[in-house]
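The values are calculated or read from the model by the stated rules, or taken from the named source; none is laboratory data. Nothing here was measured: the structure is a model prediction, and the numbers come from that model. Cβ: placed from backbone, ideal geometry, glycine included. Neighbour counts: every protein chain shown. Protein only, heavy atoms only, side chains kept; ligands, DNA and RNA dropped before computing areas. Shrake-Rupley method; radii C 1.70, N 1.55, O 1.52, S 1.80 Å.
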Amino acid sequence: MRYPGTRLRRNRKSEAIRSMVRENQLSPDDFMVPLFITEGENVKDEIPSMPGYFRHSLDRLNYELDEIAELGIRSVLLFVKVPEDKKDNNGTEPLRDDGLMQRAIKHTKENYPDLFVISDVALDPYSSYGHDGIVKNNEIVNDISAELLAKIALSHACAGVDMVAPSDMMDGRIDLIRKKLDQNGYENTGIMAYSVKYASAFYGPFRDALDSAPGFGDKKTYQMDPANSKEALVEARMDIQEGADIIMIKPGQPYLDILKAVSDELEIPVSVYHVSGEYSMIKAAAEKGWLNENEVIMESLISFKRAGASLIVTYFAKQAVKLLNGSK
Ligand code: PBG
């Protein structure tokens, strides 16, 4: 391969040839849309640190779901904002049959049976301490938290969810969830495991959205150290062994190396979470006129495909699909 016989610019000569030799494509099938649901009626609250992104009350959710379905996006990932007076350190609220998540799952499956509904299985939105586990003596206790998460997963399955997505990083919880679901006849309810989740400052805006910032300390005793890559494979392999159907890497762009390593090595679908802080950075720079928002979004999303992601959770999903449609 030598110049002048080889001229790589020949394959970049026009959009026609560029699109013919393009290695990766985005499509509506790639995306899972995170949705923030809140109590109340007729609520559509913009999240201050996430311009253009909202919390919706259940009675307004169909506006959002209609648009998602019309765009051909297949999946939503549900999160709930829990009122302060329903938070505790025992996991009472997340187990209630008529809790907000359970109602949101039922509502979505009843109204949009073809939409693939994934639920966040987590304690932090319900925790008076803002942690992903039960707190005892200032510690986040692993095993009782994992058992509780399995019960929460079961209650989402009973509400009709297609797949549960535990986002906590407790050891062994995938195994407990898989067994709990199977023992109760939910062997077809899937698990998307947040397997490789780093202790990241990029989650800030999400914690604003759900009012779920940790009340003391940080999440470094359970989420991964950003300096590490080797344990990413251990985490992912363990979750696959325990029964995960999809594993997740999170955050996205700062961890493309991890996404690439895990997807090259392992055989099940790998998703990536393009997290709230990544969304807000792009929005803020675009607002200032410093970056071209649409182009930066598409470049960011294609980087996930290039690095091996099968699926992308992103707050830009709708915008991206509209851009894809416009460019055809
Ligand atoms: C917590 C959870 C977090 C996110 C998803 N689930 C934040 C955290 O771990 O503190 C972050 C998502 C985002 O930033 O977009 N269970």
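Determine, yes or no, whether S271 is modelled with pLDDT of 95 or more, more than 15 Å from the ligand (Cβ to nearest atom) and of a type in the set (S, T, Y). Walk me through how you get there before you give the answer.
Working: modelled with pLDDT of 95 or more: yes; more than 15 Å from the ligand (Cβ to nearest atom): no; of a type in the set (S, T, Y): yes.
For S271, the condition - modelled with pLDDT of 95 or more, more than 15 Å from the ligand (Cβ to nearest atom) and of a type in the set (S, T, Y) - is not met.
Could you grab me the full set of residues in segment 194-239 that are among the hydroxyl-bearing types (S, T, Y), more than 9 Å from the ligand (Cβ to nearest atom) and under 16 Å from the mean Cα position of the chain (by Cα)?
Hits for segment 194-239 are S195, Y198.
With respect to A209, is the statement that it is within 30 Å of D45 (Cβ to Cβ) and surrounded by 23 or more Cβ atoms within 10 Å (Cβ to Cβ) true? Full working, then the answer.
On the way: within 30 Å of D45 (Cβ to Cβ): yes; surrounded by 23 or more Cβ atoms within 10 Å (Cβ to Cβ): yes.
Yes.
So which of K288, K322, K260 ends up being open to solvent by 40 Å² or more (accessible area, probe 1.4 Å) and under 17 Å from V196 (Cα atoms)? Outline the logic, then answer.
Numbers: K288 fails: under 17 Å from V196 (Cα atoms); K322 fails: under 17 Å from V196 (Cα atoms).
Of K288, K322, K260, the one residue that is open to solvent by 40 Å² or more (accessible area, probe 1.4 Å) and under 17 Å from V196 (Cα atoms) is K260.
Does at least one position in segment 58-65 carry a residue that is charged (D, E, K, R), surrounded by 15 or more Cβ atoms within 10 Å (Cβ to Cβ) and in a helix (DSSP H, G or I)? Spell out the reasoning first.
Taking segment 58-65 and keeping what is charged (D, E, K, R), we get 59-60, 64.
When the remaining residues are screened for being surrounded by 15 or more Cβ atoms within 10 Å (Cβ to Cβ), the result is 60, 64.
Add one more test, that the residue is in a helix (DSSP H, G or I), and what stays is 60, 64.
Yes: one or more hits.
Could you please find all residues in segment 121-146 being among the acidic types (D, E) and surrounded by fewer than 18 Cβ atoms within 10 Å (Cβ to Cβ)?
Correct list: E139, D143.
Name the one entry in K151, K87, K106 that is among the basic types (K, R) and either within 16 Å of the ligand (Cβ to nearest atom) or at positive phi (or both). Can you show your working first?
Working: K151 fails: either within 16 Å of the ligand (Cβ to nearest atom) or at positive phi (or both); K106 fails: either within 16 Å of the ligand (Cβ to nearest atom) or at positive phi (or both).
After applying the criteria, what remains is K87.
Give just the number: which of (1) in contact (Cβ under 8 Å) with a residue 40 or more places away in the chain; (2) within 26 Å of A201 (Cβ to Cβ); (3) within 16 Å of the ligand (Cβ to nearest atom) does L100 not satisfy?
Unmet condition: (2).
Taking the stated definitions as given, is A286 small (G, A, S), part of a loop (DSSP other than H, G, I, E, B), over 20 Å from the mean Cα position of the chain (by Cα) and away from the ligand (no atom under 16 Å from the Cβ)?
On the way: small (G, A, S): yes; part of a loop (DSSP other than H, G, I, E, B): no; over 20 Å from the mean Cα position of the chain (by Cα): yes; away from the ligand (no atom under 16 Å from the Cβ): yes.
No.
Here's the yes/no breakdown for (1) within 13 Å of the ligand (Cβ to nearest atom); (2) part of a loop (DSSP other than H, G, I, E, B):
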position: P113; (1), (2): no, yes
position: Y129; (1), (2): yes, yes
position: V161; (1), (2): no, yes
position: D175; (1), (2): no, no
